[in-house]
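Beneath this line is the structure, given in structure tokens, with notes to follow.
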Amino acid sequence: MKRICIWKVIFFVFLFILIISVNVLFNKYGIVRSSISRIWLDKEYSLWEEKNMRQNRDYKNLAIFIDINAKTLEVINLDDNNVIKKYIIASGKPSTPSPIGNFIIINKRKWGGGFGTRWMGLNVPWGKYGIHGTNRPESIGFAASHGCIRMKNKDIEELYKIIKVGTPVTIWGGIFGPFGNGFRILKPGDRGSDVYEVQKRMKLQGYYPLWVDGIYGEGMKKYVIKFRKDKKLRLTHNIDYSFYRALGIKLME
């Protein structure tokens, strides 16, 4: 009887250890499986990109040019500067303008919802912007977005196949650059190409020692006040027309 009890204890201890071991292995396998999935997806994308690079001799030499005013996106072959694709886009509203300047594609995703079927992210320093599809095709051709570049889903899917991460993107706002739609009165908390340009101009004149990032943060406020004091302007944190003029930014001569 005593021997039977000992064997029962041994059996239950062994069973307990077995259950714990299975759980540990399952959890570990789940983590490993997740890591393997991520590695496989990265590898799959790399193989896909290599295949397209072999099939398209111009693939390495493409650039994107977006004209905010014309509401167009052009794919340019940098070898001969010929436009090989042209699409109609939607740009940012006046209250949420699209970024102006030179950027690169930093990531590509297959998204859904309001971003349509594809997303290509840009390295804009003051926020998350990209080129993407839309579930509102009627907005294409207008200034209708929150700053991103919208395309019809069929167009972004075609573009997605030939554009790789690292592709240069120029977003052009006209001859007045970030002020193509006129001057915004900038306030703390605002961000955009115009804030970026103001920071650059202030830095050139020795009034802005901080990082030029296109964000009117708390650190910028005191330098705006210093500039206003030195230029004998009304003291306010807003960047208005008198501030632009004192900074040397003019839309018309």
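If you take the Cα Rg of the stretch 190-253 and divide it by 2.2 N^0.38 Å, with N the number of residues, what do you get?
Here the Cα radius of gyration is 1.01 times the empirical estimate.
List the trypsin sites (Lys or Arg not before Pro) within the stretch 76-164 that DSSP assigns to loop and that have no more than 12 neighbouring Cβ atoms inside 10 Å.
Of the trypsin sites (Lys or Arg not before Pro), the ones in loops of the stretch 76-164 whose Cβ has at most 12 other Cβ atoms within 10 Å are LYS110, LYS128.
Pairs LYS152/LYS250; LYS128/LYS203; LYS200/LYS250; LYS128/LYS231; LYS71/LYS221; LYS164/LYS203: which exceed 27 Å Cα-Cα?
Pairs exceeding the cut-off: LYS152/LYS250; LYS128/LYS231; LYS71/LYS221; LYS164/LYS203.
Once the Cβ-Cβ distance between ARG245 and GLU138 is put in as r, and R0 is 35 Å, what FRET efficiency do you end up with, to the nearest 0.05?
Computed FRET efficiency for ARG245 and GLU138 comes out at 0.30.
Given R₀ = 25 Å, FRET efficiency for ASN238-LYS85 by Cβ-Cβ distance, to 0.05?
Using R0 = 25 Å, I get an efficiency of 0.05.
Can you list which of the GluC sites (Glu not before Pro) found in the stretch 97-193 are DSSP loop residues with at most 10 other C-beta atoms within 10 Å?
In loop regions of the stretch 97-193 (DSSP not H, G, I, E or B), there are no sparsely surrounded GluC sites (Glu not before Pro).
What is the magnitude of the charge dipole of the stretch 73-226 about its Cα centre, with +1 placed on the Cβ of each Lys and Arg, -1 on the Cβ of each Asp and Glu, and no other charges, expressed in debye to the nearest 20?
For the stretch 73-226, the charge dipole is close to 420 debye.
Set the Förster radius R0 to 45 Å, insert the Cβ-Cβ distance between GLU218 and ASN77 as r into 1/(1 + (r/R0)^6), and round the FRET efficiency to 0.05.
0.50
Distance in nm between label sites at LYS161 and LEU210, each 7 Å beyond Cα in the beta-carbon direction?
Going by the 7 Å Cα→Cβ label model, 4.6 nm.
Please sort by residue number the trypsin sites (Lys or Arg not before Pro) in the stretch 169-234 whose DSSP state is loop and whose Cβ has at most 14 other Cβ atoms within 10 Å.
LYS231, LYS232, ARG234
Translational D (Stokes-Einstein, µm²/s) of the stretch 97-231 at 4 °C and 1.567 mPa s when Rh comes from the Kirkwood sum over C-alpha pairs?
79 µm²/s
Values quoted throughout were computed directly from the atomic coordinates according to the rules given, and no laboratory measurement underlies them. All figures in this text were calculated on a predicted structure; none of them were measured in a lab. Note that we place each Cβ from the backbone using ideal geometry, even for glycine, and neighbour counts take in every protein chain shown.
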